[in-house]
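Heads up, the thing below is written out as structure tokens.
The values are calculated or read from the model by the stated rules, or taken from the named source; none is laboratory data. The structure displayed is predicted, hence computed values, not measured ones. Here the Cβ positions follow ideal geometry from the backbone for every residue, glycine too, while neighbour counts run over all protein chains shown.
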Amino acid sequence: MATRAEFLERIRREARRTDGLFTAATATRPARPEEAAEAVRRQMAERWPEALDLFRREFDRVGGVFHRAADPAEVPSVVLEIAREEGATAVVAWDPPVLGLDLRPRLVAEGLAVAVAASDPADETARRRHREESARAQIGVTGADLVLAETGTLILLSGRGRPRSTSLLPDTHVAVFDRSRLVESLAQVGILLEALHVDPARSMSGAMINFITGPSRTADIELTLTRGVHGPKHVHAIFVAAP
């Protein structure tokens, strides 16, 4: 049996046999993050249709399912359709003001149980209850703070009314977004996040930024791929055409 030093040296030797796919470099931090972010928003105001097409293709490639809704009022019907296809009976969602819509009237009328996240971060009982509800629910509905076209990635910031458990614990994650969330590149994501954290009041007060690229995938030492071990088995994105 190889010692730890021998094992690590073997890895180093193999790594030296080939060049990396690309040269890694630290991105330059913008001197004026808010101005740089505004420039990105102006660019995306014109280029969002192309970004949406690219996101749809990449999202499909990583195993996501893309939907369109004409406006926010249509979103509950799309969620209901997903729930019926998967035989779901329970849904959890972000706090309605944070999500931008309330799923409860439509879904409860159709016989689904719907629980929403607490808006008060000091209410530990409500937060614990939402985690438990998320663990039991089949579907979790969230917004998306940024939608990265080049990799089909949904980017979510945790915080008040928007806990991580909503997207991580149910078997199916459904993210709702509009054109204002679209970006083309990871470099643009970095600029927007820098601008967000210039002002602590806008930093969402959360501890985590989650990059979600398709369903959860885990492979063991025999390269057997399994979905859903460390997150949802299915990921859906609903693009809302009109705000």
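Structural remarks
- Taken over the stretch 155-203, residues that are charged (D, E, K, R), in a strand (DSSP E or B) and surrounded by fewer than 20 Cβ atoms within 10 Å (Cβ to Cβ) amount to 0.
- Taking each residue of the stretch 100-111 that is touching a residue at least 60 places away in the same chain (Cβ under 8 Å) and looking for partners that are of a type in the set (Gly, Ala, Ser) with beta-carbon atoms closer than 7 Å, six or more apart or interchain, yields Gly100/Gly143.
- Candidate set from the stretch 102-128 (those that are β-branched (Val, Ile, Thr) and modelled with pLDDT of 95 or more); member that is surrounded by the fewest Cβ atoms within 10 Å (Cβ to Cβ): Val108
- Scanning the stretch 42-101 for residues that are aromatic (Phe, Trp, Tyr) and either surrounded by fewer than 18 Cβ atoms within 10 Å (Cβ to Cβ) or more than 14 Å from Leu154 (Cβ to Cβ) (or both) returns Trp48, Phe66.
- Asp120 meets the conditions (1) over 21 Å from Ala73 (Cβ atoms); (2) among the acidic types (Asp, Glu); (3) under 17 Å from the mean Cα position of the chain (by Cα) in every case but one. The failed one is (3).
- Scan of the stretch 154-193 for residues that are at pLDDT 90 or above and of a type in the set (D, E, K, R), ordered by number: Arg162, Arg164, Asp171, Asp178, Arg179, Arg181, Glu184
- Every condition in (1) over 24 Å from the mean Cα position of the chain (by Cα); (2) among the aliphatic types (A, V, I, L, M); (3) modelled with pLDDT of 90 or more holds for Met1 except the one numbered (3).
- For Asp19, the stated conditions hold: it is of a type outside the set (S, T, N, Q) and either assigned to a loop (DSSP other than H, G, I, E, B) or modelled with pLDDT under 95 (or both).
- The stretch 28-138 holds strands (runs of 3 or more DSSP E) entirely within its bounds, and those carrying 3 or more residues that are under 19 Å from Val235 (Cα atoms) and not aliphatic (A, V, I, L, M) map to 65-69.
- Where a residue in the stretch 150-165 is on the phi > 0 side of the Ramachandran plot and its partner, wherever it lies, is surrounded by fewer than 23 Cβ atoms within 10 Å (Cβ to Cβ) and part of a strand (DSSP E or B), with Cβ under 7 Å and at least six apart: Gly159/Ser205; Gly159/Gly206
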